[in-house]
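Since the structure comes first, as structure tokens, the remarks are kept for the end.
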Amino acid sequence: MLSVGLTGGIGAGKSEVSRLLVECGAVLIDADRIAREVVAPGTPGLQAVVDAFGRDVLAEDGSLDRPRLGAIVFADPEKLAVLNAIVHPLVGARSRALQEAAAGDAVVVHDVPLLTENGLAPLYDVVVVVDASPETQLDRLVRLRGMTEEDARARMAAQATREKRLEIADIVIGNDVPLERLEERVREVWTDLTRRAHTPGRK
């Protein structure tokens, strides 16, 4: 089994790369999706969040009101640390369980947006970084996601720098390219990853 950490800046196209890797045969473990699952209604995770922040963080249907919780924690580093202390261990445990359930020769891709920021590179056999120029990121965020330029620049600035991400990369997938070229590059990377998966001890 090969454990792959996949990351990239907002608007770089990481989700598209993860989709293409799944098409190639990768087992995908999506940290963002798991983070939502572990605080779904009825879970111990949601109860822990309510215990820490009060029932005001619940929507009318009993689910987590993410915008309201976000407004609380992102304005207060101590409260953000409390939330992370609840959610991160749950996400880690679920991710490990999913990886352990994968086949012995699988390429398991962990889609982790904040891999660089949280210093998680050592957890993976290989780190793949999806890279795009800031100009490309900004264009995608404004044109495709409907953000204002100001919001897009603020989101980009809140993440690790492009240089920091590239420092931890074992493999870089450049995504200032048309989709057809990206598909070709992902297939090349998949060939490399499957080779590594069958060559223990090699990076």
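With the requirement that a residue be assigned to a loop (DSSP other than H, G, I, E, B) and either open to solvent by less than 10 Å² (accessible area, probe 1.4 Å) or under 23 Å from Arg145 (Cβ atoms) (or both), what does the range 8-25 give you? Outline the logic, then answer.
Quick first cut of the range 8-25, residues assigned to a loop (DSSP other than H, G, I, E, B) only: 9-13, 25.
Result: Gly9, Ile10, Gly11, Ala12, Gly13.
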Inside the range 139-151, can you point out the residues that are assigned to a helix (DSSP H, G or I) and under 19 Å from the mean Cα position of the chain (by Cα)? Arg140, Leu141
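For every residue, the table says whether it meets (1) among the polar types (S, T, N, Q); (2) at positive phi; (3) part of a helix (DSSP H, G or I).
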{"site": "Gln159", "(1), (2), (3)": "yes, no, no"}
{"site": "Ile173", "(1), (2), (3)": "no, no, no"}
{"site": "Val177", "(1), (2), (3)": "no, no, no"}
{"site": "Glu184", "(1), (2), (3)": "no, no, yes"}
{"site": "Thr194", "(1), (2), (3)": "yes, no, yes"}
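Taking the criterion of being outside any helix (DSSP H, G or I), of a type in the set (D, E, K, R) and out of contact with any Ser or Thr (no Cβ under 9 Å at 6 or more places or on another chain), would at least one residue in the range 47-54 satisfy it?
Here is the first cut: in the range 47-54, the ones outside any helix (DSSP H, G or I) are 54.
Those left that are additionally of a type in the set (D, E, K, R): none.
No - not one qualifying residue is present in the range 47-54.
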Which residues, taken from the range 139-148, are more than 29 Å from Trp190 (Cβ to Cβ) and either small (Gly, Ala, Ser) or crowded, with 18+ Cβ neighbours inside 10 Å (or both)? Gly146, Met147
Which of the residues belonging to the range 52-67 are farther than 20 Å from Arg94 by Cβ and more than 22 Å from the chain's Cα centre (by Cα)? Phe53, Gly54, Arg55, Asp56, Val57, Leu58, Ala59, Glu60, Asp61, Gly62
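Go over the candidates Pro89, Pro113, Pro41 one by one and state the one that is assigned to a loop (DSSP other than H, G, I, E, B), without any contact (Cβ under 8 Å) to a residue 60 or more places away in the chain and of a type outside the set (Gly, Ala, Ser). Don't jump to the end; show me each part of the working.
Numbers: Pro89 fails: assigned to a loop (DSSP other than H, G, I, E, B); Pro113 fails: without any contact (Cβ under 8 Å) to a residue 60 or more places away in the chain.
So the residue among Pro89, Pro113, Pro41 that is assigned to a loop (DSSP other than H, G, I, E, B), without any contact (Cβ under 8 Å) to a residue 60 or more places away in the chain and of a type outside the set (Gly, Ala, Ser) is Pro41.
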In the range 73-113, residues that are surrounded by 14 or more Cβ atoms within 10 Å (Cβ to Cβ) and aliphatic (A, V, I, L, M) total 15
Leu69: passes all of (1) part of a helix (DSSP H, G or I); (2) over 20 Å from Leu98 (Cβ atoms); (3) open to solvent by 70 Å² or more (accessible area, probe 1.4 Å) but (3)
Pairs returned, first residue in the range 149-167 that is open to solvent by less than 80 Å² (accessible area, probe 1.4 Å), second residue that is of a type in the set (S, T, N, Q) and not in a helix (DSSP H, G or I), beta-carbon separation under 9 angstrom, 6 or more apart or interchain, are Gln159/Thr116; Ala160/Thr7; Ala160/Thr116; Thr161/Thr116; Arg162/Ser133; Arg165/Thr7; Arg165/Thr116; Arg165/Gln159
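So which residues in the range 114-135 are under 21 Å from Leu179 (Cβ atoms) and either of a type in the set (Phe, Trp, Tyr) or open to solvent by 30 Å² or more (accessible area, probe 1.4 Å) (or both)?
The first filter runs over the range 114-135 and keeps only residues under 21 Å from Leu179 (Cβ atoms), leaving 128-135.
Answer for the range 114-135, where residues must be under 21 Å from Leu179 (Cβ atoms) and either of a type in the set (Phe, Trp, Tyr) or open to solvent by 30 Å² or more (accessible area, probe 1.4 Å) (or both): Pro134, Glu135.
The values are calculated or read from the model by the stated rules, or taken from the named source; none is laboratory data. Quick caveat: nothing in here was measured; it's all calculated off a predicted structure. Note that we place each Cβ from the backbone using ideal geometry, even for glycine, and neighbour counts take in every protein chain shown. Note: accessible area is taken over every heavy atom of the protein model, side chains too, but ligands, DNA and RNA are not part of it. Shrake-Rupley method; radii C 1.70, N 1.55, O 1.52, S 1.80 Å.
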